[in-house]
Amino acid sequence: MPVFLFDLDNTLYDADRYCFPWMHIHINSFLMRELDLEPEAADRLRRHYWRRYGTTLAGLMRHHPVDPRAFLEAIHPPVLSADVPENPRLRLWLSRLPGPVYVFTNSSASHAWRVLERLQVADLVEEVFDMESADFQGKPHHHAYRQVLGRLRIPAWRCVFFDDTLANLRTARWLGMQTVHIEKKRRRARSAHQQVHALLGWEHGAASPKTCR
């Protein structure tokens, strides 16, 4: 039986519309407060760490004495997920998958569960693997994936991994997972085994269930 492993933001819902613009503000505010930076400098540092390390937190932990739990709590307040709409098509599709569903995210578990509740699919998800469960390293680092596989107690080839970020898919594929790229712009992704234009209802023109078999 396959195990279906999903990224959260921009995979199960449109985070660019409902989450990221406000989360970036929360990250910049944290950097301004904790590192005594001006707004422009905080924004540059956020972008730099994200591009170099995959997450802002990875850069902060490498170069600054910050509390990772405090950072994740500060940038994922409950209001962040308040406007995420329910997705009946996604619920129907997930319920028909021939295996258990898990979420693997670089955010916090509390935020992920709030988003899943808003989508009306939380009861279909077995468990959320977040930054803390990956020792705060997160995707695309190999350690994060090995932590998830260890928790699942399965070989990589049994996982079907869905993500919108090519770097995350490259690591998953290197480890032996089957991969599906969730792409809004219809660009060909060589880092994934399959490609889907968005996912079931969170954008116009989303794929049918047959696309991700």
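The values are calculated or read from the model by the stated rules, or taken from the named source; none is laboratory data. Values in this document were obtained by computation on a predicted structure and should not be read as measured data. Every residue, glycine as well, gets a Cβ built from its backbone with ideal geometry; the counts of neighbours run over all protein chains shown. For the accessible areas, the whole protein counts, side chains as well, though only heavy atoms, and no ligand, DNA or RNA atoms are used. Shrake-Rupley method; radii C 1.70, N 1.55, O 1.52, S 1.80 Å.
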(request) Among the helices (runs of 4 or more DSSP H) lying completely within region 1-98, list those that include at least 2 residues that are farther than 16 Å from GLN120 by Cα. (result) 15-18, 20-35, 39-53, 56-63, 68-75
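If I filter region 69-105 down to residues being of a type in the set (Phe, Trp, Tyr) and modelled with pLDDT of 95 or more, which single residue comes out as least open to solvent (accessible area, probe 1.4 Å)?
Of region 69-105, the ones of a type in the set (Phe, Trp, Tyr) are 71, 93, 102, 104.
Narrowing the set further to residues that are modelled with pLDDT of 95 or more leaves 102, 104.
Working: TYR102: 37, PHE104: 2 Å².
Applying the filter and picking the extreme gives PHE104.
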(request) Go through (1) over 20 Å from CYS19 (Cβ atoms); (2) under 15 Å from the mean Cα position of the chain (by Cα) and name the single condition PHE129 misses. (result) (1)
(request) Search region 1-35 for residues being farther than 16 Å from PHE71 by Cβ and of a type in the set (Asp, Glu), and hand back the single one that is surrounded by the fewest Cβ atoms within 10 Å (Cβ to Cβ). (result) ASP16
(request) Taking PRO2 as meeting all but one of (1) without any contact (Cβ under 8 Å) to a residue 24 or more places away in the chain; (2) within 24 Å of ILE182 (Cα to Cα); (3) not small (Gly, Ala, Ser), write down the number of the exception. (result) (1)
(message) Among (1) within 28 Å of PHE161 (Cβ to Cβ); (2) touching a residue at least 12 places away in the same chain (Cβ under 8 Å); (3) among the aromatic types (Phe, Trp, Tyr), there is one condition TRP50 misses while meeting the rest; what is its number?
(response) (2)
